[in-house]
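The values are calculated or read from the model by the stated rules, or taken from the named source; none is laboratory data. What you see is a predicted model; the values in this text were computed from it and never measured. Note that each Cβ is placed from the backbone with ideal geometry, even for glycine, and that neighbours are counted across all protein chains shown. Side chains included, ligands, DNA and RNA excluded: accessible areas come from the protein's heavy atoms. Shrake-Rupley method; radii C 1.70, N 1.55, O 1.52, S 1.80 Å.
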Amino acid sequence: MKNLLSIEQLSATEIEEILHSAAGRKKNRGSELAMPLKGQTWALLFAKSSTRTRVSFEVGIRELGGDVMFLNANDIQLGRGEPIKDTARVLGRMIHGAIIRTFAQQDIEDFAQYSGIPTINALTDQEHPCQILADIFTFQEKRGSIVGKVVTFVGDGACNVPASWVFAAAKLGFELRIAAPSKYQPSPELLKRAGGKIVCTSDLKAAAAGADILYTDVWVSMGKESESAERIRDLSGYQINGDLIKLAKSDALVMHCLPAYRGKEIDEATFEANAETIFDEAENRLHVQKAILALVSK
Ligand code: CP
Ligand code: NVA
(Lines give C-alpha, C1' and ligand atoms only; values in the text may rest on other atoms or scores of the structure.)
(Ligands and ions follow the chains in the order given, each with its own letter.)
Protein backbone atom coordinates (compact mmCIF):
# COMPACT_ATOMS: atom_id res chain seq x y z
CA MET A 1 0.00 0.00 0.00
CA LYS A 2 1.77 3.13 -1.18
CA ASN A 3 -0.86 5.76 -0.37
CA LEU A 4 -3.81 6.18 1.94
CA LEU A 5 -6.16 8.47 0.06
CA SER A 6 -9.58 7.18 1.16
CA ILE A 7 -11.36 4.39 2.98
CA GLU A 8 -13.01 3.66 -0.36
CA GLN A 9 -9.69 2.51 -1.81
CA LEU A 10 -8.72 0.31 1.17
CA SER A 11 -9.45 -3.40 1.37
CA ALA A 12 -10.82 -4.97 4.55
CA THR A 13 -7.48 -6.77 4.95
CA GLU A 14 -5.56 -3.50 4.80
CA ILE A 15 -7.89 -1.94 7.38
CA GLU A 16 -7.37 -4.91 9.68
CA GLU A 17 -3.60 -4.73 9.17
CA ILE A 18 -3.58 -1.04 10.16
CA LEU A 19 -5.74 -1.65 13.24
CA HIS A 20 -3.63 -4.61 14.34
CA SER A 21 -0.37 -2.71 13.91
CA ALA A 22 -1.82 0.30 15.77
CA ALA A 23 -2.65 -1.86 18.79
CA GLY A 24 0.98 -3.04 19.02
CA ARG A 25 2.30 0.51 18.57
CA LYS A 26 0.03 1.84 21.30
CA LYS A 27 1.16 -0.88 23.70
CA ASN A 28 4.85 -0.44 22.92
CA ARG A 29 4.99 3.32 22.54
CA GLY A 30 8.40 4.55 23.63
CA SER A 31 10.11 1.18 23.32
CA GLU A 32 9.73 0.58 19.59
CA LEU A 33 12.94 -0.59 17.99
CA ALA A 34 12.03 -0.23 14.32
CA MET A 35 12.47 3.27 12.90
CA PRO A 36 10.91 2.95 9.44
CA LEU A 37 11.20 6.68 8.66
CA LYS A 38 14.86 7.01 9.68
CA GLY A 39 16.70 9.34 7.32
CA GLN A 40 13.45 10.55 5.76
CA THR A 41 11.81 13.98 5.64
CA TRP A 42 8.02 14.19 5.39
CA ALA A 43 5.87 17.26 4.75
CA LEU A 44 2.47 18.15 6.10
CA LEU A 45 0.79 20.30 3.46
CA PHE A 46 -2.36 21.83 4.97
CA ALA A 47 -4.90 24.18 3.41
CA LYS A 48 -7.26 23.99 6.41
CA SER A 49 -6.89 24.37 10.18
CA SER A 50 -5.95 21.41 12.36
CA THR A 51 -5.02 20.54 15.92
CA ARG A 52 -5.26 16.75 16.26
CA THR A 53 -4.22 15.72 12.77
CA ARG A 54 -1.27 18.06 12.63
CA VAL A 55 0.10 17.22 16.07
CA SER A 56 -0.47 13.47 15.82
CA PHE A 57 1.27 13.27 12.44
CA GLU A 58 4.18 15.48 13.52
CA VAL A 59 4.71 13.43 16.69
CA GLY A 60 4.16 10.13 14.87
CA ILE A 61 6.71 10.89 12.14
CA ARG A 62 9.31 11.86 14.76
CA GLU A 63 8.61 8.73 16.83
CA LEU A 64 9.23 6.64 13.70
CA GLY A 65 12.64 8.27 13.24
CA GLY A 66 11.70 10.80 10.54
CA ASP A 67 11.97 14.55 10.21
CA VAL A 68 8.92 16.64 9.40
CA MET A 69 8.08 20.07 8.01
CA PHE A 70 4.73 21.83 8.18
CA LEU A 71 3.71 23.72 5.05
CA ASN A 72 0.71 26.00 5.23
CA ALA A 73 -0.70 25.88 1.70
CA ASN A 74 -1.13 29.65 1.77
CA ASP A 75 2.52 30.25 2.59
CA ILE A 76 3.85 28.37 -0.41
CA GLN A 77 3.35 29.15 -4.10
CA LEU A 78 0.39 26.75 -4.18
CA GLY A 79 -1.57 29.48 -2.42
CA ARG A 80 -0.75 31.88 -5.28
CA GLY A 81 -2.00 29.49 -7.91
CA GLU A 82 0.91 27.15 -8.69
CA PRO A 83 -0.76 23.91 -9.83
CA ILE A 84 -0.85 20.98 -7.41
CA LYS A 85 0.82 18.76 -10.00
CA ASP A 86 3.82 21.10 -10.18
CA THR A 87 4.01 21.37 -6.39
CA ALA A 88 3.87 17.57 -6.29
CA ARG A 89 6.70 17.17 -8.80
CA VAL A 90 8.92 19.51 -6.80
CA LEU A 91 8.21 17.94 -3.41
CA GLY A 92 8.51 14.45 -4.89
CA ARG A 93 12.15 15.16 -5.73
CA MET A 94 13.00 16.38 -2.25
CA ILE A 95 10.94 14.66 0.42
CA HIS A 96 9.94 11.10 1.19
CA GLY A 97 6.22 11.38 1.92
CA ALA A 98 3.36 13.85 2.24
CA ILE A 99 0.34 14.27 4.47
CA ILE A 100 -2.24 16.54 2.84
CA ARG A 101 -5.30 18.36 4.20
CA THR A 102 -7.22 20.19 1.53
CA PHE A 103 -10.59 20.73 -0.16
CA ALA A 104 -10.84 18.60 -3.31
CA GLN A 105 -10.13 14.86 -3.17
CA GLN A 106 -8.83 15.14 -6.73
CA ASP A 107 -5.95 17.32 -5.46
CA ILE A 108 -4.57 14.55 -3.26
CA GLU A 109 -5.11 11.99 -6.01
CA ASP A 110 -3.13 14.28 -8.35
CA PHE A 111 -0.47 14.91 -5.72
CA ALA A 112 0.06 11.16 -5.21
CA GLN A 113 0.25 10.58 -8.96
CA TYR A 114 2.63 13.42 -9.81
CA SER A 115 4.87 13.26 -6.74
CA GLY A 116 5.42 9.51 -6.80
CA ILE A 117 5.92 9.56 -3.01
CA PRO A 118 3.67 8.03 -0.32
CA THR A 119 0.71 10.37 0.19
CA ILE A 120 -1.83 10.33 3.03
CA ASN A 121 -5.22 12.04 3.15
CA ALA A 122 -5.41 14.15 6.31
CA LEU A 123 -8.98 15.29 5.39
CA THR A 124 -10.59 16.47 2.20
CA ASP A 125 -14.16 17.58 1.53
CA GLN A 126 -14.86 13.98 0.48
CA GLU A 127 -13.22 11.82 3.18
CA HIS A 128 -11.38 11.75 6.51
CA PRO A 129 -9.97 8.23 6.46
CA CYS A 130 -7.44 8.53 9.32
CA GLN A 131 -10.20 9.72 11.64
CA ILE A 132 -12.53 6.84 10.94
CA LEU A 133 -9.74 4.27 11.30
CA ALA A 134 -8.93 5.74 14.73
CA ASP A 135 -12.63 5.71 15.66
CA ILE A 136 -13.02 2.04 14.74
CA PHE A 137 -9.82 1.26 16.63
CA THR A 138 -11.25 3.07 19.68
CA PHE A 139 -14.54 1.20 19.54
CA GLN A 140 -12.82 -2.17 19.17
CA GLU A 141 -10.42 -1.47 22.03
CA LYS A 142 -13.41 -0.86 24.33
CA ARG A 143 -16.12 -3.16 23.00
CA GLY A 144 -14.51 -5.79 20.72
CA SER A 145 -15.23 -6.38 17.04
CA ILE A 146 -17.34 -3.79 15.23
CA VAL A 147 -18.64 -6.46 12.84
CA GLY A 148 -22.44 -6.68 13.05
CA LYS A 149 -22.72 -3.61 15.29
CA VAL A 150 -24.92 -0.54 14.70
CA VAL A 151 -23.26 2.85 14.24
CA THR A 152 -25.57 5.87 14.22
CA PHE A 153 -24.21 9.11 12.80
CA VAL A 154 -26.16 12.22 13.84
CA GLY A 155 -25.90 15.62 12.12
CA ASP A 156 -24.40 16.66 8.79
CA GLY A 157 -24.48 13.28 7.07
CA ALA A 158 -23.21 14.68 3.79
CA CYS A 159 -19.71 15.73 4.89
CA ASN A 160 -16.35 13.96 4.87
CA VAL A 161 -16.56 12.07 8.19
CA PRO A 162 -19.85 10.24 7.52
CA ALA A 163 -18.67 9.49 3.97
CA SER A 164 -15.67 7.62 5.36
CA TRP A 165 -18.02 5.80 7.77
CA VAL A 166 -20.17 4.80 4.77
CA PHE A 167 -17.23 3.14 3.03
CA ALA A 168 -16.01 1.51 6.26
CA ALA A 169 -19.44 -0.01 6.97
CA ALA A 170 -19.49 -1.80 3.67
CA LYS A 171 -15.91 -3.08 4.01
CA LEU A 172 -16.07 -4.26 7.61
CA GLY A 173 -19.70 -5.40 7.85
CA PHE A 174 -21.50 -3.20 10.35
CA GLU A 175 -24.78 -1.34 10.01
CA LEU A 176 -24.54 2.42 9.56
CA ARG A 177 -27.52 4.69 10.16
CA ILE A 178 -27.33 8.32 9.17
CA ALA A 179 -29.81 10.58 10.96
CA ALA A 180 -30.02 13.87 9.09
CA PRO A 181 -32.50 16.04 7.21
CA SER A 182 -32.68 14.78 3.60
CA LYS A 183 -30.56 17.70 2.33
CA TYR A 184 -27.72 16.58 4.63
CA GLN A 185 -27.70 12.90 3.71
CA PRO A 186 -24.99 11.26 1.58
CA SER A 187 -25.67 11.28 -2.15
CA PRO A 188 -27.36 8.22 -3.70
CA GLU A 189 -24.33 7.94 -5.98
CA LEU A 190 -21.96 7.60 -3.01
CA LEU A 191 -24.24 5.08 -1.29
CA LYS A 192 -24.40 3.02 -4.47
CA ARG A 193 -20.63 3.09 -4.85
CA ALA A 194 -20.15 1.91 -1.26
CA GLY A 195 -22.77 -0.82 -0.98
CA GLY A 196 -23.25 -2.31 2.48
CA LYS A 197 -26.02 -1.83 5.01
CA ILE A 198 -26.65 1.91 5.24
CA VAL A 199 -29.91 3.45 6.41
CA CYS A 200 -30.42 7.18 5.81
CA THR A 201 -33.33 8.74 7.67
CA SER A 202 -34.54 12.02 9.06
CA ASP A 203 -36.05 10.07 12.00
CA LEU A 204 -33.43 10.63 14.67
CA LYS A 205 -35.11 8.49 17.32
CA ALA A 206 -35.52 5.49 15.03
CA ALA A 207 -31.87 5.81 13.99
CA ALA A 208 -30.66 5.86 17.60
CA ALA A 209 -32.72 2.87 18.76
CA GLY A 210 -30.44 0.05 19.86
CA ALA A 211 -27.27 1.69 18.52
CA ASP A 212 -23.80 0.59 19.69
CA ILE A 213 -22.26 3.95 18.79
CA LEU A 214 -23.80 7.41 18.66
CA TYR A 215 -21.40 9.51 16.62
CA THR A 216 -21.43 13.14 15.60
CA ASP A 217 -19.34 15.80 13.88
CA VAL A 218 -19.64 19.57 13.47
CA TRP A 219 -22.67 20.98 11.65
CA VAL A 220 -20.46 23.47 9.80
CA SER A 221 -17.43 21.83 8.23
CA MET A 222 -14.35 23.78 7.19
CA GLY A 223 -15.12 25.55 3.94
CA LYS A 224 -18.87 25.79 4.68
CA GLU A 225 -18.69 28.81 6.97
CA SER A 226 -20.81 30.96 4.64
CA GLU A 227 -23.69 28.48 5.22
CA SER A 228 -23.40 28.62 9.02
CA ALA A 229 -26.77 30.24 9.80
CA GLU A 230 -28.68 27.97 7.41
CA ARG A 231 -26.95 24.85 8.70
CA ILE A 232 -27.55 25.70 12.33
CA ARG A 233 -31.21 26.24 11.53
CA ASP A 234 -31.57 23.08 9.41
CA LEU A 235 -29.67 20.79 11.75
CA SER A 236 -30.97 22.01 15.09
CA GLY A 237 -32.48 19.00 16.81
CA TYR A 238 -29.92 16.61 15.30
CA GLN A 239 -28.02 16.60 18.56
CA ILE A 240 -26.59 13.88 20.78
CA ASN A 241 -27.95 14.52 24.28
CA GLY A 242 -29.24 12.72 27.35
CA ASP A 243 -32.62 11.96 25.81
CA LEU A 244 -31.11 10.42 22.70
CA ILE A 245 -28.69 8.23 24.63
CA LYS A 246 -31.59 6.57 26.44
CA LEU A 247 -32.66 5.07 23.11
CA ALA A 248 -29.28 3.50 22.31
CA LYS A 249 -27.87 0.31 23.86
CA SER A 250 -27.10 0.70 27.56
CA ASP A 251 -23.36 0.32 26.88
CA ALA A 252 -23.35 2.47 23.71
CA LEU A 253 -20.33 4.68 23.14
CA VAL A 254 -20.78 8.36 22.36
CA MET A 255 -18.08 9.44 19.92
CA HIS A 256 -17.04 12.74 18.35
CA CYS A 257 -14.16 13.39 15.98
CA LEU A 258 -13.62 16.91 17.46
CA PRO A 259 -13.56 19.87 17.51
CA ALA A 260 -16.92 19.93 19.34
CA TYR A 261 -19.45 22.72 19.52
CA ARG A 262 -21.43 22.32 22.72
CA GLY A 263 -25.09 23.13 22.41
CA LYS A 264 -25.02 22.32 18.69
CA GLU A 265 -24.24 18.72 17.64
CA ILE A 266 -23.78 17.60 21.27
CA ASP A 267 -24.78 19.04 24.61
CA GLU A 268 -22.29 19.98 27.30
CA ALA A 269 -23.30 17.33 29.85
CA THR A 270 -23.21 14.50 27.30
CA PHE A 271 -19.87 15.64 25.96
CA GLU A 272 -18.29 15.76 29.42
CA ALA A 273 -19.84 12.44 30.49
CA ASN A 274 -18.22 10.80 27.45
CA ALA A 275 -14.98 12.78 27.41
CA GLU A 276 -12.80 9.77 28.12
CA THR A 277 -13.95 7.96 24.98
CA ILE A 278 -13.83 11.14 22.91
CA PHE A 279 -10.26 11.98 23.93
CA ASP A 280 -9.21 8.35 23.51
CA GLU A 281 -10.35 8.77 19.89
CA ALA A 282 -8.10 11.82 19.64
CA GLU A 283 -5.12 10.00 21.18
CA ASN A 284 -5.66 6.99 18.97
CA ARG A 285 -5.07 9.15 15.90
CA LEU A 286 -1.40 8.99 16.85
CA HIS A 287 -1.18 5.20 17.13
CA VAL A 288 -3.27 4.49 14.04
CA GLN A 289 -1.39 7.01 11.91
CA LYS A 290 1.96 5.57 12.99
CA ALA A 291 0.68 2.24 11.69
CA ILE A 292 -0.33 3.93 8.42
CA LEU A 293 3.03 5.70 8.08
CA ALA A 294 4.91 2.44 8.62
CA LEU A 295 2.73 0.68 6.06
CA VAL A 296 2.97 3.25 3.26
CA SER A 297 6.72 3.69 3.68
CA LYS A 298 7.49 -0.06 3.41
N1 CP B 1 -10.57 15.46 14.14
C2 CP B 1 -9.66 16.20 13.49
O3 CP B 1 -9.26 15.91 12.37
O4 CP B 1 -9.21 17.27 14.20
P5 CP B 1 -8.32 18.45 13.64
O6 CP B 1 -9.15 19.21 12.65
O7 CP B 1 -7.97 19.26 14.86
O8 CP B 1 -7.10 17.89 12.98
N1 NVA C 1 -16.36 17.59 9.01
C2 NVA C 1 -15.37 18.36 9.72
C3 NVA C 1 -14.33 17.45 10.33
C4 NVA C 1 -13.34 18.16 11.19
C5 NVA C 1 -12.30 17.24 11.71
C6 NVA C 1 -14.73 19.37 8.78
O7 NVA C 1 -14.47 19.02 7.62
O8 NVA C 1 -14.51 20.50 9.19
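Observations on the model:
- Tallying residues that are under 20 Å from Lys149 (Cα atoms) and either within 13 Å of ligand 1 (Cβ to nearest atom) or without any contact (Cβ under 8 Å) to a residue 12 or more places away in the chain (or both) within region 248-279 yields 5.
- Some residue of region 135-143 being open to solvent by 10 Å² or more (accessible area, probe 1.4 Å), part of a helix (DSSP H, G or I) and within 16 Å of ligand 1 (Cβ to nearest atom): yes
- In region 144-158, the residue that is nearest to ligand 2 (Cβ to nearest atom) out of those that are open to solvent by 10 Å² or more (accessible area, probe 1.4 Å) and either touching a residue at least 60 places away in the same chain (Cβ under 8 Å) or among the small types (Gly, Ala, Ser) (or both) is Ala158.
- Being surrounded by fewer than 23 Cβ atoms within 10 Å (Cβ to Cβ), in contact with a Cys (Cβ under 8 Å, 6 or more places away or on another chain) and under 26 Å from Arg231 (Cβ atoms) is true of Asp125.
- Qualifying residue in region 166-175 (condition: within 16 Å of ligand 2 (Cβ to nearest atom), open to solvent by 20 Å² or more (accessible area, probe 1.4 Å) and assigned to a helix (DSSP H, G or I)): no
- None of Leu33, Leu71, Leu37 is under 27 Å from Glu283 (Cα atoms) and either within 21 Å of the chain's Cα centre (by Cα) or basic (Lys, Arg) (or both) except Leu71.
- Out of Val254, Val288, sole residue that is more than 30 Å from Glu32 (Cβ to Cβ), open to solvent by less than 10 Å² (accessible area, probe 1.4 Å) and either out of contact with any Lys or Arg (no Cβ under 8 Å at 6 or more places or on another chain) or assigned to a helix (DSSP H, G or I) (or both): Val254
- Among the residues making up region 25-44, those that are modelled with pLDDT under 95 and surrounded by fewer than 14 Cβ atoms within 10 Å (Cβ to Cβ) are Gly30, Ser31, Leu33, Ala34.
- Of all residues in region 74-113, those being in contact (Cβ under 8 Å) with a residue 24 or more places away in the chain, closer than 14 Å to Asn3 by Cβ and within 24 Å of the chain's Cα centre (by Cα) number 13.
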